[in-house]
Amino acid sequence: MHTKRQAIQMIVGGAAGLLSPFHVASASKYPSKPVRIIAPYASGGTTDFITRLFAQSLQDELGQSFVVENRPGAGGNIGANLVVKSPADGYTLLAGSLSTFALNAAVYDNLGHDPLSDLVPVAVTTLVPGAIVVSSSLGVRDLNGLVKLLKSQPGKLNYGSAGNGTSSHIALSMFLEQTGTHAMHVPYRGVSQAVVDLLGGNISILFTSPTTVLEYLKDGRVVALAAVAPKRLKAIPQVPTVAEAGFPKFDAYSWNCLFAPKGTPRAITDVLFGAIDRSLKKPQVLAKLEEQGMLPVQGQTPESTVRYTRAEFERWVPYVRKMNIKAD
């Protein structure tokens with residue numbers, strides 16, 4: 001979740017560091033065996049899709065297997081802690097996200113690690129926009145209509161999320177705060193059940209990746225009011241952005257980033273950065289991301305990656321603490 005201005009300043013800005021002859025020699029030997037990428041969520045979700053897409057591309061680029069291991073639990077903390085405790089040799093990496101790096105630091109009282117000091121951001125791969133969607137039975141067709149309905153029935157409507165403290169929860173919490181409205185929060189263990197209950201009329205509103213409800217948008221059972229993204233998404237081109245819908249200050253969307261344990265040599269992280277940077281220029285990778293309503297992150301440097309992730313941490317941790325949002 002971040003602003004378009006931040007995307008320009010943090011991702012694009014910066015200059016790449018130079019490698020010393022020693023580092024070049026070390027990097028030339030990496031990778032010499034299979035690399036594990038820990039995906040800290042269950043298979044079949046957004047992070048899993050992104051991780052497998054880039055694992056295949058990294059394998060093609062670097063000539064070694066990049067094996068994805070799903071280690072879900074505790075909102076991504078189990079997988080993150082596994083990586084933090086692994087050798088800093090580039091052979092165990094984390095497919096992290098806004099949640100694992102920033103949100104969890106406020107949502108959980110004890111992560112078991114310090115994201116800022118224990119993880120090295122290698123490269124942001126993908127921005128993951130969301131959409132505010134409602135059941136068609138609600139009779140709302142745009143974001144202004146939803147706000148009017150919420151104001152006319154304060155606290156009577158409800159919204160679902162993938163769980164307490166998840167990005168879907170925090171995003172709608174922010175929207176309600178910005179619009180001065182109230183609704184009841186119904187947390188689920190994952191977004192799939194929330195979608196089922198949205199279709200069944202048990203909840204009225206959901207913030208989710210457009211692809212999770214694409215088939216229901218097409219058959220009219222669900223209505224997407226606005227995409228929370230800097231531009232219209234190819235997956236749902238008919239849906240306006242929140243700025244177009246009249247809410248430019250609402251810019252809550254997530255991202256995915258490859259992380260390494262602290263102490264991983266810069267020569268190794270530079271090899272990985274270069275391979276991801278090349279991957280983000282491949283037409284087949286770009287097409288698959290855009291089909292899923294995701295946006296590739298291009299034009300970054302290792303330095304701008306660090307600045308961007310730190311800025312996101314500094315933005316979201318105080319906000320979540322102020323809202324007193326905690327995990328189950």
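The values are calculated or read from the model by the stated rules, or taken from the named source; none is laboratory data. None of the values given here were measured: they were computed from a predicted structure. Every residue, glycine as well, gets a Cβ built from its backbone with ideal geometry; the counts of neighbours run over all protein chains shown.
Numbers below:
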read-out	value
In the range 131-147, the residues that are out of contact with any helix residue (DSSP H, G or I) (no Cβ under 6 Å at 6 or more places or on another chain) and either within 19 Å of Glu290 (Cβ to Cβ) or among the acidic types (Asp, Glu) (or both)	Asp142
Residue in the range 232-270 that is nearest to Val191 (Cα to Cα), counting only those that are of a type in the set (D, E, K, R) and free of Cβ contacts under 8 Å to residues at least 40 places away in the same chain	Arg232
Boolean, Lys249 is of a type in the set (Lys, Arg) and farther than 14 Å from Gly130 by Cα	yes
Hits in the range 204-229 (condition: surrounded by fewer than 20 Cβ atoms within 10 Å (Cβ to Cβ) and not in a helix (DSSP H, G or I))	Asp219, Gly220, Arg221
Subset of the range 9-49 that is at pLDDT 95 or above and among the β-branched types (Val, Ile, Thr) - its residue that is farthest from Cys257 (Cα to Cα)	Val35
Filter result for Gln238 (modelled with pLDDT of 95 or more and either farther than 13 Å from Gly130 by Cβ or not assigned by TED's automatic domain parsing to the domain that holds Val147 (or both))	no
Hits in the range 115-157 - residues which are of a type in the set (A, V, I, L, M) and in a loop (DSSP other than H, G, I, E, B)	Val140, Leu157
Qualifying residue in the range 113-130 (condition: touching a residue at least 24 places away in the same chain (Cβ under 8 Å), in contact with a Lys or Arg (Cβ under 9 Å, 6 or more places away or on another chain) and on the phi > 0 side of the Ramachandran plot)	no
The range 194-203, residues that are free of Cβ contacts under 8 Å to residues at least 60 places away in the same chain, assigned to a helix (DSSP H, G or I) and more than 14 Å from Asn164 (Cα to Cα)	Val195, Val196, Asp197
Filter result (part of a loop (DSSP other than H, G, I, E, B) and either acidic (Asp, Glu) or surrounded by 22 or more Cβ atoms within 10 Å (Cβ to Cβ) (or both)) within the range 251-291	Asp251, Ala252, Tyr253, Thr264
Qualifying residue in the range 182-191 (condition: surrounded by fewer than 22 Cβ atoms within 10 Å (Cβ to Cβ) and over 15 Å from Gly160 (Cβ atoms))	yes
Enumeration of residues in the range 158-193 that are among the β-branched types (Val, Ile, Thr), assigned to a helix (DSSP H, G or I) and within 20 Å of the chain's Cα centre (by Cα)	Ile170, Val191
